[in-house]
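Structure first, commentary second.
The values are calculated or read from the model by the stated rules, or taken from the named source; none is laboratory data. These numbers were taken from a predicted model, which means no experiment stands behind them. A quick note on method: Cβ atoms are made from the backbone with ideal geometry, for glycine too, and the neighbour counts reach across all protein chains shown.
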């Protein structure tokens, strides 16, 4: 296996992850939350890095691709933790509770609440949410990028 082959596999993996995300959004009618959107950007960067690596074969691209994939994995695993209530997510996309709020404050919170929440699991497979799967696959893609850096 050559570096170019592994770069192609990793970049295509990110492209397929993006295609899946857009498929869930537009075909499956599952609009993304804020954290879902954050996870897409590094995948896009990995695809661009892959295209650059295919045309300008430098080892640096593999490390940058690994960084992009690892960034997506980190955001995705953070998101999965928010979904599982292991920690609080961004206040702009999670419930902050209603205890001790006045009626006026409660109405303000309701009116300011986002339509799509980051702390709910809209889809899962084998007990793992979409964010969890993205984290797992992205970590695997990061390893492929790193392995590609070791080859000539």
Quiz item: Within segment 41-58, is even one residue part of a helix (DSSP H, G or I), crowded, with 18+ Cβ neighbours inside 10 Å, modelled with pLDDT of 95 or more and under 9 Å from the mean Cα position of the chain (by Cα)?
Solution: yes
Quiz item: Taking residue 4, is it modelled with pLDDT under 95, under 22 Å from residue 144 (Cα atoms) and part of a helix (DSSP H, G or I)?
Solution: yes
Quiz item: Which of the residues belonging to segment 105-152 are under 13 Å from the mean Cα position of the chain (by Cα) and modelled with pLDDT under 75?
Solution: none
Self-check item: The listed residue being buried (at least 21 other Cβ atoms within 10 Å of the Cβ), in contact with a strand residue (DSSP E or B) (Cβ under 7 Å, 6 or more places away or on another chain), at pLDDT 90 or above and not in a strand (DSSP E or B), out of 80, 73
Solution: 80
Quiz item: When residue 16 is evaluated against the numbered criteria (1) in contact with a helix residue (DSSP H, G or I) (Cβ under 8 Å, 6 or more places away or on another chain); (2) within 18 Å of residue 131 (Cα to Cα); (3) surrounded by fewer than 21 Cβ atoms within 10 Å (Cβ to Cβ); (4) at pLDDT 95 or above, which criterion, by number, is the only one it fails?
Solution: (1)
